[in-house]
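Novice: What follows is a structure written as structure tokens; I'll ask about it next.
FYI, it's all coordinate maths here, none of it is from the lab. A quick note: this is a predicted structure, and the numbers were derived from the prediction, not measured. Here Cβ is always computed from backbone atoms with ideal geometry, including for glycine, and neighbour counts include all displayed protein chains.
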């Protein structure tokens with residue numbers, strides 16, 4: 001492995017995510033709730049769509065939210081960008097996925113992402129990175145945001161603002177929005193593009209990444225994230241990332257984490 005890749009780094013905000021680090025080569029199915037772009041730091045990685053399709057060699061691949069896949073990297077390292085679907089217009093999502101998977105535009109984007117990775121700290125600053133600065137660094141353009149009903153936007157703020165709020169029920173959030181539960185669930189999916197339950201489960205699993213290099217116990221993490229017990233926590237993380245929580249922790253010990261603007265990391269996390 002190239003000597004450049006000795007310590008990984010991660011940038012995580014409410015709507016954007018970047019990871020450069022070890023890939024646990026379990027080859028197990030994973031299903032991420034965001035738009036996901038993988039880039040090989042050198043050579044290629046192998047990806048299989050679904051749970052049983054053959055692996056194919058790629059240097060870049062983009063996946064739609066909740067698209068099940070399996071991933072193996074010969075160099076054991078991977079670059080990974082994530083974009084929360086509720087933050088982007090439908091057209092922006094489609095164009096981004098099309099660009100990354102295009103046989104000509106994709107390799108060009110891969111080169112840009114590789115070149116941008118060492119400059120990640122230049123866009124974080126003391127206040128954290130913004131969606132705009134993130135998009136400009138890695139993509140060379142700002143992506144168009146999604147328009148959203150103000151009531152659903154307020155609910156999304158509640159879901160994303162505090163970890164423990166991920167445990168709020170549809171009834172609670174419908175009351176906050178001044179809607180019946182059935183109307184709320186319909187309006188939520190119409191505005192975000194994702195069913196409420198699926199999005200809430202993803203946000204909870206995504207919040208585990210805040211604890212990737214943390215010092216708190218996994219039992220404490222499970223309770224903080226609102227999981228009913230350690231078994232549910234472990235199952236959810238494995239289904240999402242294809243790895244056990246402990247394996248993710250082990251591979252993230254030296255991970256440097258940058259927070260997005262307004263995104264709060266707890267005191268147990270190691271930040272630059």
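Novice: At a Förster radius of 25 Å, what calculated FRET efficiency corresponds to the Cβ-Cβ distance of residue 190 and residue 157, to the nearest 0.05?
Specialist: 0.90
Novice: Where both partners of a DSSP beta bridge lie in the chain, what percent of those bridges are antiparallel, to the nearest 5?
Specialist: Just about 85 percent of them are antiparallel.
Novice: Same structure again: If r is the Cβ-Cβ distance from residue 254 to residue 136 and R0 is 25 Å, what FRET efficiency results, to the nearest 0.05?
Specialist: That pair, residue 254 with residue 136, gives E of 0.35.
Novice: Can you tell me, using C-alpha contacts under 8 Å and at least 6 residues apart, the relative contact order of segment 9-139 as a whole percent?
Specialist: 27 percent
Novice: Next question. Sort 77, 202 so that the residue with the fewest other Cβ atoms within 10 Å of its own Cβ comes first and the one with the most comes last.
Specialist: Fewest to most other Cβ atoms nearby, the residues stand as 77, 202.
Novice: Continuing with the same structure: Stretch residue 67-residue 170 to full length: gain in nm at 0.36 nm per residue minus the Cα-Cα span?
Specialist: 34.7 nm
Novice: How do 196, 45 line up, fewest other C-beta atoms within 10 Å first?
Specialist: 196, 45
Novice: If you don't mind, another one. Over segment 150-252, what is the relative contact order in percent, taking alpha-carbon pairs closer than 8 angstrom and at least six residues apart?
Specialist: Relative contact order here is 24 percent.
Novice: Which order do 150, 72, 221, 39 fall in if you start with the one that has the fewest other Cβ atoms within 10 Å?
Specialist: The fewest-first ordering by Cβ neighbours comes to 150, 72, 221, 39.
Novice: Tell me the relative contact order for the chain as a rounded percent, counting alpha carbon contacts under 8 Å between residues six or more apart.
Specialist: 24 percent
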